[in-house]
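Below: one structure, written as structure tokens.
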Amino acid sequence: MLGASRYVYAEACPSQDLASWITAHVRMVEGWGGAPAIFVPDNLRSGVTQACRYEPIINRTYLEFAQHYGAAVVPARAGHPRDKAVVETSVLVVQRWILAALRHRRFFSLAELNAAIWALLPGLNARPMRKLGVSRRALFEQLDRPLLRPLPTSRYEFAEWRDAGVNIDYHVAVEHNYYSVPYQLVHQRVEVRLTATVVELFLKGRRVASHRRRRGRGEYATDPAHMPHAHRAHAEWTPSRLIAWAETTGPATAQLVAAILASKPHPEQGYRACLGLMRLGQRYGGARLETAAARATELGAPSYRTVQNILASGVDQVPRAEGAAPAALPVHPNVRGSAYYTREEPRCLLTPPSTN
């Protein structure tokens, strides 16, 4: 509501959360066609993080919204409803002329309810006020509209601010996904600005990283410029390059590398294991690595750890017995054998009771 003219704006919101609070403000200033110089909110948490008579702490998103429209935020004193007596009176007017008019109607969506409210607002603002004898619309055109500030060319985009710590892998966890910052910021606290499409990270008011927002879960957004030099060397590898290297050692090694990369949700998660195989090849030689890779594939355990254990124990150097017959099972009453499951089980026939 505008104080001089008492011009009313109203809409229904699903809750008093931050997104609903900011969205209602955006539509309000767009409905007025301009922004006031000062917003005077109540002390709800979406507007005021910490209420104080002398130095209140304004919600970061709400303050950013006000600055976008060139306005300031001066909350009313907590526990002093007379500071905004005109607003309290306007709430009563809305209840009488809008809510009462809609009390017998049933709405199936918030958009449908707001359409009905906005249809009644012009009539409310056009009604002459009893004491002044003039409508809110007339006073708005005379007093408030000339003083409203022009709206900026771009609409405010809702953004949420959070604090987060930089992990040892120079990534910040935001909404179950991970975003990189320069590796020099490990263990520091940064501010995160979340919009619908972008994640921005700030350190002491300076933006240090920006990423496209991920919508999945457990995804990584990594800028190569944020990596230490050792990690950048790893990032230069690709699945095709790793498989091509493995083929120089032998087909079994290539098959093992392809199996490791295919077993991971993201091929990058298998890069370190493949680089470990390269280190094993340098230590034990390409011939032993090829033999160990073949053994690991036969065992159905294609992994770096399996190959490492085979090489460390020397199993790859033990000749395999070709065509050896499987050992016979010992004779024991608890060992049934395959013939037990092929015999025909006795059937139980149920005879209906006699009716005699």
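The values are calculated or read from the model by the stated rules, or taken from the named source; none is laboratory data. This is a predicted model, so every value here is computed, not measured. We place every Cβ from the backbone using ideal geometry, glycine too, and count neighbours over all the protein chains shown.
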Original post:
In this structure, does residue 195 turn out to be surrounded by fewer than 17 Cβ atoms within 10 Å (Cβ to Cβ) and outside the structural domain of residue 281 (by TED's automatic domain parsing)?
Top reply: yes
Original post:
When both residues are 6+ apart or on different chains and their Cβ atoms are under 7 Å apart, which pairs have a first residue that lies in segment 136-148 and is modelled with pLDDT of 90 or more, and a second that is of a type in the set (S, T, N, Q)?
Top reply: 136/5; 136/125; 137/125; 139/5; 140/5; 143/5; 144/5
Subject >> Residues of segment 37-64 classified as of a type outside the set (D, E, K, R) and touching a residue at least 40 places away in the same chain (Cβ under 8 Å), total >> reply: 5
Original post:
Given 89, 61, 49, which one is more than 16 Å from residue 157 (Cβ to Cβ) and assigned to a helix (DSSP H, G or I)?
Top reply: 89
**OP:** Please go through segment 103-127 and pick out each residue that is of a type outside the set (Gly, Ala, Ser) and surrounded by 12 or more Cβ atoms within 10 Å (Cβ to Cβ).
**Re:** 107, 110, 112, 113, 114, 117, 118, 120, 121, 124, 125, 127
Subject >> Selection within segment 1-46 - of a type in the set (Phe, Trp, Tyr) and part of a loop (DSSP other than H, G, I, E, B) >> reply: 7, 9
Original post:
Taking the condition part of a loop (DSSP other than H, G, I, E, B), in the same structural domain as residue 97 (by TED's automatic domain parsing) and not β-branched (Val, Ile, Thr), does residue 132 pass?
Top reply: yes
**OP:** Restricting attention to segment 36-91, report how many residues are in contact with a helix residue (DSSP H, G or I) (Cβ under 7 Å, 6 or more places away or on another chain) and within 30 Å of residue 130 (Cα to Cα).
**Re:** 6
**OP:** Kindly provide the set of residues from segment 153-166 that are assigned to a loop (DSSP other than H, G, I, E, B) and more than 21 Å from residue 20 (Cα to Cα), ordered by number.
**Re:** 153, 166
Subject >> Residue that is farthest from residue 69 (Cα to Cα), among those in segment 130-150 that are touching a strand residue (DSSP E or B) at 6+ places or on another chain (Cβ under 7 Å) and hydrophobic (A, V, I, L, M, F, W, C) >> reply: 134
Original post:
Scanning segment 133-152 for residues that are more than 14 Å from residue 29 (Cβ to Cβ) and loosely packed, with under 14 Cβ neighbours inside 10 Å, which turns out farthest from the chain's Cα centre (by Cα)?
Top reply: 133
Original post:
Do the conditions hold for residue 185, that is, is it under 30 Å from residue 19 (Cβ atoms), surrounded by 17 or more Cβ atoms within 10 Å (Cβ to Cβ) and at pLDDT 90 or above?
Top reply: yes
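Quick grid of which residues meet (1) closer than 19 Å to residue 272 by Cα; (2) surrounded by 10 or more Cβ atoms within 10 Å (Cβ to Cβ); (3) modelled with pLDDT of 70 or more; (4) in contact with a helix residue (DSSP H, G or I) (Cβ under 6 Å, 6 or more places away or on another chain):
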{"site": "283", "(1), (2), (3), (4)": "yes, yes, yes, no"}
{"site": "293", "(1), (2), (3), (4)": "yes, yes, yes, yes"}
{"site": "298", "(1), (2), (3), (4)": "no, yes, yes, no"}
{"site": "304", "(1), (2), (3), (4)": "yes, yes, yes, yes"}
{"site": "342", "(1), (2), (3), (4)": "no, no, no, no"}
Original post:
Does segment 167-176 include one or more residues that are of a type in the set (S, T, N, Q) and not in a loop (DSSP other than H, G, I, E, B)?
Top reply: no
Original post:
part of a helix (DSSP H, G or I) and modelled with pLDDT of 85 or more - does that describe any residue in segment 225-234?
Top reply: yes
